[in-house]
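> Quick one: the structure is below, and I'll ask about it shortly.
Just so it is clear, none of the values below were taken in a lab; they were calculated from the coordinates. These numbers come from a predicted model, not from an experiment. Please note: Cβ atoms are built from the backbone with ideal geometry, for glycine as well, and neighbour counts cover all protein chains shown.
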């Protein structure tokens, strides 16, 4: 087995530091607004928006809109597909560390 | 990327995942207004509890008293929930799944405290306030498991107050302490948690000591002032006997101290009522004093001050001195139906 092989198993969407953290936060919290995630990760609006767009486009995260007295609030959560991918990604990281050790 | 940096990056990724999982799990916080709403409402309710008990529970019905207290707390709970929700929505934030569950745990503990309180009010007991301190302390500790707010030491401090205070203070003192800890201490905790720098910041190591002192000091000071005001109710006259008092009309005006010596028979009028019992028949139970008692009369009426022997003057607390030790029911061929009960009548300590 070459040293490169385990890295190929890592999910390309989740193997990005900010998206990894977003996914972990959403997995633990369940559902969160854009502001919840922004505050927890200390990100700028633009940066977070780009990563959320990527996660939603790939089907890893789902967005739910709720109307509250004329204001629309968007709630994000991980989809089933995203949850499975996240757990597989964590397993892959663990295997990688065992492999390297 | 070198082979050495790849495992390092994988390791960092796992570390950041663990950090964010913790952050997601510890995503709850108590808003500042919550401490003020519950603290001030709790303090006021505690201060009015005796008044409500005497005017609602004793004159009307215990159920109405319980419903009144529960409706006050329920209203505060509703207002707090609405305000918290509005604040979160205005900041585009959500109430997390854990926060909603945690709110239910708070309600369960407050419900348990109300149930204990009512039980103790009906069946007697001097530990009602301690139980409130301990249960609210537990709720704060449970909250701290899911929150980044440094709540744990304050929860422990509340439990310490609940455990130690009954050993140091009588019921009246505990009542003042509860007014102080809830009315001053809880809003103060809310204030400290939202300070980002300076002496009042809640995550400083000494913060809990400052809080502890400031939470209990007003209650203790109020209790001492209450004691002094009670001492002022004792007139500086020589104690007279009940016979002298009854015989001399001039002594029946103003303030007098009446001495009831050892062996005095005090008739206790006794009746019982319940869903199966009619209270129209009463008996007089003669009680014989085994210690002398002095009581204060003002213009022919007891003002509540008394002392046993030459001890300290105290103010009688009507609902805290009677204890029913046991009730025996028996039917036998010779005596027929018998009910035998033993009442414990205890003076308060101070």
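> Can you give the FRET efficiency to the nearest 0.05 for residue B:299 and residue B:36, using r as the Cβ-Cβ distance and R₀ = 45 Å?
The computed FRET efficiency comes out at 0.55.
> So how do B:81, A:76, B:194 line up by other beta-carbon neighbours within 10 Å, fewest first? Walk me through the numbers on the way to the answer.
Numbers: B:81 13, A:76 22, B:194 16.
Ordered from fewest to most neighbouring Cβ atoms within 10 Å, B:81, A:76, B:194 come out as B:81, B:194, A:76.
> Still on this model: Restricting everything to alpha-carbon atoms, can you work out Rg to Rh for the protein assembly as shown with a Kirkwood hydrodynamic radius? Kindly include the intermediate steps, with their values, before the conclusion.
Values: Rg = 32.2 Å, Rh = 27.5 Å.
That ratio equals 1.17.
> With bins 5 Å wide starting at 0, give me the P(r) of segment A:5-100 over every alpha carbon pair, in whole percents.
Per 5 Å bin, starting at zero, the Cα-Cα P(r) for segment A:5-100 comes out as 2, 13, 24, 23, 16, 10, 6, 3, 1, 1, 0 percent.
> Also: Counting only C-alpha contacts under 8 Å and six or more residues apart, can you give the relative contact order of chain A as a whole percent?
33
> I'd like the distance between the alpha-carbon centres of segment A:42-101 and segment B:29-68, rounded to an integer number of Å.
46
> How would B:182, B:36, B:146, A:86 line up from fewest to most surrounding beta-carbon atoms within 10 angstrom? Before the final figure, lay out each step's value.
On the way: B:182 27, B:36 16, B:146 19, A:86 22.
Fewest-to-most Cβ neighbours within 10 Å comes out as B:36, B:146, A:86, B:182.
> Could you compute the FRET efficiency for residue B:280 and residue B:310, with r as their C-beta to C-beta distance and R0 at 45 Å, rounded to 0.05?
On the way: r = 42 Å, r/R0 = 0.94.
Computed FRET efficiency for residue B:280 and residue B:310: 0.60.
> Counting partner chain Cβ atoms within 10 Å of every residue's Cβ in B:128-137, what's the average?
The per-residue average across the peptide is 0.
> Once you place label points 7 Å from the Cα toward the Cβ at residue B:249 and residue B:225, how far apart are they in nm?
4.3
> Looking only at Cα atoms, what is the convex hull volume of segment B:18-232 per residue, in Å³?
Residue-normalised Cα hull volume stands at 132 Å³.
> Further question: Using the per-residue mean of other Cβ atoms lying within 10 Å as a proxy for protection, in what order, highest first, do the peptides B:94-107, B:149-162 fall? Don't skip to the end; give the middle numbers.
Numbers: B:94-107: 16.9, B:149-162: 20.2.
Packing proxy ranking, top to bottom: B:149-162, B:94-107.
> If I model a spin label at residue A:64 and residue B:239 as a point 7 Å from the Cα along the Cα→Cβ vector, what separation in nanometres do I get?
Output for this residue pair reads 7.3 nm.
> Evaluate the distance, in nm, between pseudo-label points positioned 7 Å from the Cα of residue B:292 and of residue B:163 along their respective Cα→Cβ axes.
Simple spin-label model gives 4.4 nm for this pair.
> What is the average number of partner chain Cβ atoms found within 10 Å of a Cβ in B:19-31? List each step's numbers first, then the result.
Values: counts 3, 13, 8, 3, 8, 12, 4, 2, 8, 1, 0, 0, 0.
Across B:19-31, the average partner-chain Cβ count within 10 Å equals 5.
> Further, regarding this structure: FRET efficiency for residue A:88 and residue A:39, Cβ-Cβ distance as r, R0 = 30 Å, nearest 0.05?
0.60
> Right, here's the next one. Enter the mean number of other protein chain beta carbons within 10 Å of the beta carbon of each residue in A:81-93, as an integer.
Mean shielding by partner chains, rounded to a whole number: 1.
> Between residue B:79 and residue B:148, 0.36 nm times their residue separation minus their Cα-Cα distance comes to what?
Numbers: separation 69, 0.36 × 69 = 24.84 nm, distance 2.43 nm.
Here the answer is 22.4 nm.
> For a footprinting-style exposure proxy, rank A:42, B:175, B:282 by other Cβ within 10 Å, fewest first.
A:42, B:282, B:175
> Once you have a ≥ b ≥ c as the square roots of the Cα gyration tensor eigenvalues for segment B:198-323, tell me rounded if a/c is under 1.5, and otherwise prolate or oblate according to whether a/b is larger than b/c.
It comes out oblate by the Cα gyration axes.
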